[in-house]
1. In the chain, with Lys and Arg counted as +1 and Asp and Glu as -1 at Cβ, which of these residues, 208, 20, 332, has the Cα nearest the positive end of the dipole, that is, farthest along it?
2. Give me a comma-separated list of calculated 3J(HN,Hα) values for region 291-296, in order, Karplus coefficients 6.51, -1.76, 1.60 applied at θ = phi - 60°, integers in Hz, x for any Gly or Pro.
3. Please report, in whole Å³, the volume per residue of the convex hull around the C-alpha atoms of region 94-139.
4. How many percent of the accessible area of the chain is carbon or sulfur, using a 1.4 Å probe?
5. Of the candidates 328, 246, 133, which one comes out as most mobile in a Gaussian network treatment of the chain with C-alpha springs shorter than 10 Å?
6. Size of the dipole of the chain about the Cα centre, Lys and Arg at +1 and Asp and Glu at -1 on the beta carbon, nothing else charged, in debye to 20?
7. List, in order, the whole-Hz ³J(HN,Hα) value for each residue of region 11-24 obtained from phi through the Karplus relation with A = 6.51, B = -1.76, C = 1.60 and θ = phi - 60°; use x for Gly and Pro.
8. What base-10 log of the normalised intensity I(q)/I(0) is obtained for region 72-200 from the Debye formula, alpha carbons as equal point scatterers, at q = 0.11, 0.22 Å⁻¹?
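The values are calculated or read from the model by the stated rules, or taken from the named source; none is laboratory data. Predicted model only: the values in this text are computed from it and were never measured. Heads up, the Cβs are rebuilt from the backbone with ideal geometry, glycines too, and the neighbour counts pull from every protein chain shown. Heavy atoms of the whole protein, side chains included, go into the accessibility calculation; ligands, DNA and RNA do not. Shrake-Rupley method; radii C 1.70, N 1.55, O 1.52, S 1.80 Å.
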Amino acid sequence: MRVHVTDLKPGDLLKNDVYNSSGLHMLMKGSLLSEDDITKLLQHGIDYADVEHTTSNLHSDTQTMPSDQTRLLTTLFDDTIKGTESLFQQAMEKGFIDEAQVDEILINLTTQLEKQKDVVSLLLMLDGDNDYTYNHSLQVGMLAFYIAGWMGYNSEECLTVAKAGYLHDIGKSKISPEMLHKPGKLTPEEFEEMKKHTLYGYEIVKESTQDEILATVALQHHEREDGSGYPYGLKGNDIHPYARITAVADVYSAMTTNRVYQTKQELISVLCELYSLSFGQLNGEATQELIKHMLPNFIGKRVLLTSGETGIIVMNNPADYFRPLVQTSTAFIDLAKERDIAIVEIYIQ
């Protein structure tokens, strides 16, 4: 149903994506409209939006969905991280893992991921104090799943890519905890040992699943398009496509997550860094799909700026996609022009 913006109500469900007159993406299909969303549409001169429902009964019912969904996903993520810890323990003690347990975890996870479009909110939900290695494994599996789908892989292939991404770091179970959690820079000798996690991962995954592709992703996820990676310095098409996807997910997750020796970086600025890496080190197509599908998720998110102000991202900037337009309580701040101001943190709500 096509409805004038002034007649929209909080809780209306968008039937189609909404773009402004410049072609910039404003709101995603399937979004439940909030008061702020409607205000945003008015501010940007959008007259009409297609919504599926506008009945008052639906409004009262659907307003509880986001919190219910958040609780469901939080429980799912917590259970997945606990299961991941169990798998790493198995790998450390036995040299192999229970593939049936992996499949159960991945099916439960991807079943829910298929229903979610706001990947940014999912990543923000995972921004907790869980052990980095387990949280990272979940994030990489999740991001690899989405990237594969955005690249056009079918559902079975997406599940395989998710599984490969989820298991990519299982070889770290064979690295000493002291080295994994060392707060300072690794010595050259320690780094050489750390790089072996790719070899250990190949052995563990191959022994556990008999799947050469899954094992190859564990082996190759640190290879780079220009040959600068490890363990074998492979280039371009010599790297398995699933490993190239996993590499993008791996780098993004690593840079946006707190680690013992590194403070997390803000999500949008890391996308900008990935964009630069896509011209040499990371696969261009996988990186571009991640950027293209992540950026719209930032619209409507609350942010903290280096100026100390908080605001809402209201628009991706056509002059610089990685420096959006932010509305504070007193003004609109165009970060593409105000270069001395940056986003410090993005909040889930």
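1. With unit charges placed on the Cβ atoms, the residue in question is 332.
2. 4, 4, 8, 7, 3, x
3. Once divided by residue count, the hull of region 94-139 is 79 Å³.
4. Carbon and sulfur atoms account for 50 percent of the accessible area of the chain.
5. With Cα springs under 10 Å in the chain, the top fluctuation among 328, 246, 133 is at 328.
6. Values: 29 positive and 51 negative charges, 113 e Å.
Roughly 540 debye, rounded to the nearest 20.
7. Coupling constants for region 11-24: x, 4, 9, 5, 7, 9, 4, 10, 10, 8, 5, 8, x, 7 Hz.
8. -0.40, -1.33
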